[in-house]
Amino acid sequence: SAALIIAVDGPAASGKGTIAARLAKLYSLPHLDTGLLYRAVGIGVLDAGGSLDDAEAAEGVARSLDASHLVDTERLTSRGAGEAASRVAGHPGVRAALLAFQKTFAGQPGGAVLDGRDIGTVIAPEAPAKLYVTATPEVRAMRRWKQLTGRGETIAFEDMLADIVKRDERDAGRGAAPMVQAADAVLLDTTDMDIEAAFDAARRIVEAAR
Ligand code: C5P
């Protein structure tokens, strides 16, 4: 049978990461959370004392990225890393530097699951199964707020919501590979779903598409 590539796109805290991880487990496929790559680039720029607006500096970090930059999960998934990621993700040179790795990952013989913002549109437009996972900003902010405060980060819900809305605008509004639902992606709105219901709906979408 043809390689099963599953593209899972959508905004921050939509549930796409959890859905992607569970689909990967179900189908025994490798999984790449592509947001981690952009988060690692953002952190790399900040650690070097650079500016997130400096496209050349960010591209340099992206070109020298390796697995050692992807191990500190706690830091990579922090609020600051998400913000830094979305700023460096707007530089076309950064996206170009990360392209080959992602395309190679998607092209593995047995298939793969990738989640991000541009998997169905840019990284794997040939994917037979594409999901665009979303939820209202309020519900997404509440999920992320619970996650961050649950591990000790201090943040007001209103600030979390403002973060989410600003990140949506930045990701959807940029010129390079903006966040957008692919024409052939199936929309999955998880606003009123818990993770079990969302995963079940995602699984049915993949079964219908493969
Ligand atoms: O998915 P996550 O919240 O970890 O992504 C962090 C940021 O990385 C996003 O806000 C987005 O700007 C960027 N990103 C991207 N393209 C992807 C994945 C993430 O531009 N495929």
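Any read-out appearing in this document is the output of simple, stated calculations on the displayed coordinates, not a laboratory observation. This structure is a prediction, so every number in the text was calculated from the model and none was measured. Cβ coordinates were reconstructed from backbone atoms using ideal geometry, including for glycine residues, and neighbour counts include every protein chain displayed.
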Segment Glu169-Leu187, length gained on full extension (0.36 nm per residue, minus Cα span): 4.6 nm
Distance between Cα centroids, segment 135-210 to segment 1-64: provide it in whole Å. 15
In nm, spacing of pseudo-spin labels at Thr154 and Asp72 (7 Å Cα→C-beta vector): 2.2
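As a footprinting exposure proxy, order Phe157, Phe199 by other Cβ within 10 Å, with the fewest listed first.
Details: Phe157 14, Phe199 19.
Ordered by Cβ neighbours within 10 Å, fewest first: Phe157, Phe199.
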Name the residues of segment 64-93 whose amide N is less than 11 Å from a point 7 angstrom out from the Cα of Thr104 along the C-beta direction? none
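Any chance you could run the full-extension gain for Asp53 through Glu196? It's 0.36 nm times the residue separation minus the Cα-Cα distance, nm to one decimal. Walk me through the numbers before you get to the answer.
On the way: separation 143, 0.36 × 143 = 51.48 nm, distance 3.93 nm.
Residue separation times 0.36 nm, minus the Cα-Cα distance, leaves 47.5 nm.
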Assuming R0 = 22 Å, what is the FRET efficiency of Ser28 and Ala2, from their Cβ-Cβ distance, to the nearest 0.05? 0.90
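What order, most packed first, do the peptides 27-39, 68-80, 9-21, 181-193 have when packing is the mean number of other Cβ atoms within 10 Å of each residue? Let's see the in-between values first.
Details: 27-39: 20.1, 68-80: 13.8, 9-21: 23.8, 181-193: 16.6.
Output ranking for 27-39, 68-80, 9-21, 181-193: 9-21, 27-39, 181-193, 68-80.
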